[in-house]
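*Asks:* Take a look at the following structure, please.
The values are calculated or read from the model by the stated rules, or taken from the named source; none is laboratory data. All values reported here derive from a predicted model rather than from experimental measurement. Every residue, glycine as well, gets a Cβ built from its backbone with ideal geometry; the counts of neighbours run over all protein chains shown.
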Amino acid sequence: MKGIVRDIKKYFGTKKADKFPADIKIEFSSVCNFVCPMCPMAAGKLNRTSFLTEETIRKIVDEIAEKKLGVKTIALSLFGESFINKKFFDHLKIIHEVLPHVKTRISTNFGVIDEAMALKLAKSSISEISISIDSLDKEIYAKQRHGGNIEKTLKNVNCFLALRNKHNPKIKVQINFVRTKLNKEGIKEFISYWESKLSKGDSVKLIPGHSWAGQADDDDLIESYKFGFKKVCSAPFDNLCIFTNGDCTVCCMDSFNKLNVGNVVETSLEEVWNSSKMKRMRSRFLKKDYRGLICANCEVSKFYPVKYVKNRLYLVKEIKIK
Ligand SMILES: C[S@@+](CC[C@H](N)C(=O)[O-])C[C@H]1O[C@@H](n2cnc3c(N)ncnc32)[C@H](O)[C@@H]1O
Ligand code: SF4
Ligand code: SF4
């Protein structure tokens, strides 16, 4: 019932922008070792610097600390594979030194993590790791996680889980399954496998594949979303994503920086959050005026009344390990 009331409020209600977002996302690498067909990375090279630099991460965290911006969690990934950035562990250390109370999380394909890196990760100060796997089947995995090898990934993930259990059981692990036409038959086996490997507090997350607001539209893979109504998307009111080169967007779907609201290297976080570009974006969103924006093709921000009747296609499902 609470969920229905919240969704109705979101659909009709207007939003006031947060003073600054409590949760921000920072891209560590804009290059990837995989080419997953349902991801915008496969649709073209991202047109920005490959790796987040020490200078940029310091500028960001110093401002958060000095101005007490109230950031509580930082995601260490957007597009690309963060662990390709050779400075990953140095940057993580800087974040936790400057912002000791902030929680950090990451999404990774685990493709470049060997035993030595797994040990470093298990001993690190990271709070949560989401591992994108999508299938246990060799051929399906090779297609959907193109560039990866399931045997290698499972070996390294299981090695990491053992090290995490030994050195730092507080790190939460989430195994992600993006559902597509390719892998949907194997969901039950996937869940049982991970239920037998994960520990209390970990989870398996089932995510319906979407088209990244039309940017990775692949009819062969993505099931279509029907019957949804456009609503006021909350992204410009409570969300900020920072790319490797400091460019800022309001949305983690915006791989090609089409919803740019400024640059944090050239100005500051506060200036970006209160910029005229950002204010214009908010006023357009309040009117649901998405003309010419990627948002016009976005499925994830829609309101789906049908989900309350029977359809489970649009629901993200999280299975917690007890
Ligand atoms: C863009 S990736 C970047 C981080 C990292 N490379 C990874 O794969 O985890 C972030 C997340 O988006 C998910 N993803 C990719 N394509 C998707 C799609 N079409 N629908 C839903 N999620 C998708 C990935 O599985 C991953 O969990
Ligand atoms: S989903 Fe992740 S691993 Fe796959 S291409 Fe996109 S960024 Fe790379
Ligand atoms: S409508 Fe979709 S693409 Fe636009 S900001 Fe919201 S979530 Fe992102």
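*Asks:* Would a scan of region 57-72 turn up a residue that is out of contact with any helix residue (DSSP H, G or I) (no Cβ under 6 Å at 6 or more places or on another chain), part of a strand (DSSP E or B) and closer than 28 Å to His210 by Cβ?
*Replies:* No: region 57-72 contains no residue that is out of contact with any helix residue (DSSP H, G or I) (no Cβ under 6 Å at 6 or more places or on another chain), part of a strand (DSSP E or B) and closer than 28 Å to His210 by Cβ.
*Asks:* Mind telling me which of the residues Trp212, Trp273 ends up being among the aromatic types (Phe, Trp, Tyr) and away from ligand 3 (no atom under 13 Å from the Cβ)?
*Replies:* After ruling out the rest, the residue left standing is Trp273.
*Asks:* Is it true that some residue in region 148-164 is at pLDDT 95 or above and not in a helix (DSSP H, G or I)?
*Replies:* Scanning region 148-164, I find at least one residue that is at pLDDT 95 or above and not in a helix (DSSP H, G or I), so the answer is yes.
*Asks:* Go through (1) on the phi > 0 side of the Ramachandran plot; (2) crowded, with 16+ Cβ neighbours inside 10 Å and name the single condition Lys288 misses.
*Replies:* Unmet condition: (2).
*Asks:* Would you call Glu63 over 30 Å from Val232 (Cβ atoms), away from ligand 1 (no atom under 11 Å from the Cβ) and either surrounded by 16 or more Cβ atoms within 10 Å (Cβ to Cβ) or among the acidic types (Asp, Glu) (or both)?
*Replies:* When the stated conditions are applied, Glu63 does not pass them.
*Asks:* Still on this structure, I have one more. Select, from Lys277, Lys258, Lys288, the only residue that is at pLDDT below 95 and either away from ligand 1 (no atom under 16 Å from the Cβ) or in contact with a helix residue (DSSP H, G or I) (Cβ under 8 Å, 6 or more places away or on another chain) (or both).
*Replies:* Of Lys277, Lys258, Lys288, the one residue that is at pLDDT below 95 and either away from ligand 1 (no atom under 16 Å from the Cβ) or in contact with a helix residue (DSSP H, G or I) (Cβ under 8 Å, 6 or more places away or on another chain) (or both) is Lys288.
*Asks:* With respect to Ile187, determine if the residue is more than 16 Å from ligand 2 (Cβ to nearest atom) and closer than 25 Å to Leu76 by Cβ.
*Replies:* No.
*Asks:* Now for a separate question. Restricting the search to region 15-33, which residues are surrounded by fewer than 18 Cβ atoms within 10 Å (Cβ to Cβ) and within 16 Å of ligand 1 (Cβ to nearest atom)?
*Replies:* Within region 15-33, Asp23, Val31, Asn33 meet the criteria.
*Asks:* Under the condition of being without any contact (Cβ under 8 Å) to a residue 40 or more places away in the chain and among the hydroxyl-bearing types (Ser, Thr, Tyr), which residue from region 205-256 is farthest from Asn47 (Cα to Cα)?
*Replies:* Only one residue tops the list, namely Ser224.
*Asks:* Moving on. If I ask for residues that are surrounded by 15 or more Cβ atoms within 10 Å (Cβ to Cβ) and either more than 19 Å from Val31 (Cβ to Cβ) or within 16 Å of ligand 3 (Cβ to nearest atom) (or both), which ones from region 106-119 would you list?
*Replies:* Ala118, Leu119
*Asks:* Here is a further query. Does at least one position in region 41-56 carry a residue that is more than 30 Å from Ala216 (Cβ to Cβ) and either away from ligand 3 (no atom under 16 Å from the Cβ) or in contact (Cβ under 8 Å) with a residue 40 or more places away in the chain (or both)?
*Replies:* Yes, region 41-56 has at least one match.
*Asks:* Shifting gears a bit: May I ask you to say which residue of Val98, Val112 is within 25 Å of Val61 (Cβ to Cβ), away from ligand 1 (no atom under 16 Å from the Cβ) and at pLDDT 95 or above?
*Replies:* Selected residue: Val98, the only one of Val98, Val112 that is within 25 Å of Val61 (Cβ to Cβ), away from ligand 1 (no atom under 16 Å from the Cβ) and at pLDDT 95 or above.
*Asks:* Do you know which residues across region 169-185 are crowded, with 17+ Cβ neighbours inside 10 Å and over 19 Å from Ser255 (Cα atoms)?
*Replies:* Within region 169-185, Ile171, Lys172, Val173, Gln174, Ile175, Asn176, Phe177, Arg179, Thr180, Leu182, Asn183 qualify.
*Asks:* Still on this structure, please answer the following. Quick one: which residue in Phe79, Phe110, Phe89 is aromatic (Phe, Trp, Tyr) and either without any contact (Cβ under 8 Å) to a residue 24 or more places away in the chain or on the phi > 0 side of the Ramachandran plot (or both)?
*Replies:* One residue alone meets the criteria, Phe110.
*Asks:* Would you confirm whether or not region 45-53 contains a residue that is at pLDDT below 95, surrounded by 20 or more Cβ atoms within 10 Å (Cβ to Cβ) and under 28 Å from Lys143 (Cα atoms)?
*Replies:* Yes: region 45-53 contains one or more residues that are at pLDDT below 95, surrounded by 20 or more Cβ atoms within 10 Å (Cβ to Cβ) and under 28 Å from Lys143 (Cα atoms).
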